[in-house]
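Take a look at the structure set out below.
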Amino acid sequence: MESASFPHDLVQLQVAWNRTYAALAAEPRSAANTALRRRLLMLSTRLWRHPFWSGPGRMPAALPELRSQARAMDAQRW
């Protein structure tokens with residue numbers, strides 16, 4: 001399968017989602033992580049409603065590739 005070309009803002013959204021998810025998973029369960037859960041929901045909505053997904057042939061089957069590119073981009077920063 002050919003590597004999908006994702007818009008930079010979509011990859012950035014996925015990076016933010018990954019970081020928020022990791023922060024939520026690392027925190028003990030408490031009322032203090034409500035903000036993280038809300039942020040995760042907001043980012044999830046923005047990811048799924050991004051205009052990229054409405055293009056022809058751009059079904060969520062490309063999601064694993066997006067996640068892979070986001071992880072690679074995040075790893076380059078460190």
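The values are calculated or read from the model by the stated rules, or taken from the named source; none is laboratory data. Keep in mind that this is a model prediction, so the values were computed, not measured. Positions of Cβ are generated from backbone atoms using ideal geometry, with glycine treated the same way; all protein chains shown enter the neighbour counts. Areas reflect the complete protein model, heavy atoms only, side chains present, ligands, DNA and RNA absent. Shrake-Rupley method; radii C 1.70, N 1.55, O 1.52, S 1.80 Å.
Structure values in brief
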quantity: Those residues of segment 2-18 which are at pLDDT below 95 and touching an Asp or Glu at 6+ places or on another chain (Cβ under 7 Å), in sequence order; calculated: SER3, ALA4
quantity: Segment 1-55: number of residues that are more than 13 Å from the chain's Cα centre (by Cα) and of a type in the set (Asp, Glu); calculated: 2
quantity: Breaking point among (1) modelled with pLDDT of 90 or more; (2) outside any helix (DSSP H, G or I); (3) of a type outside the set (Lys, Arg), for LEU66; calculated: (2)
quantity: Of all residues making up segment 25-41, the number that are open to solvent by less than 60 Å² (accessible area, probe 1.4 Å) and closer than 22 Å to ALA72 by Cβ; calculated: 1
quantity: Boolean, ARG71 is open to solvent by 100 Å² or more (accessible area, probe 1.4 Å), charged (D, E, K, R) and in contact (Cβ under 8 Å) with a residue 12 or more places away in the chain; calculated: yes
quantity: Residue in segment 42-61 that is open to solvent by less than 40 Å² (accessible area, probe 1.4 Å), in a loop (DSSP other than H, G, I, E, B) and in contact with a helix residue (DSSP H, G or I) (Cβ under 6 Å, 6 or more places away or on another chain) present; calculated: yes
quantity: Some residue of segment 9-21 being assigned to a loop (DSSP other than H, G, I, E, B) and either among the small types (Gly, Ala, Ser) or surrounded by 14 or more Cβ atoms within 10 Å (Cβ to Cβ) (or both); calculated: no
quantity: Near pairs, Cβ below 9 angstrom, 6+ apart or cross-chain, from segment 12-39 (under 24 Å from GLN69 (Cα atoms)) to any residue that is open to solvent by 60 Å² or more (accessible area, probe 1.4 Å) and part of a loop (DSSP other than H, G, I, E, B); calculated: LEU36/GLU27
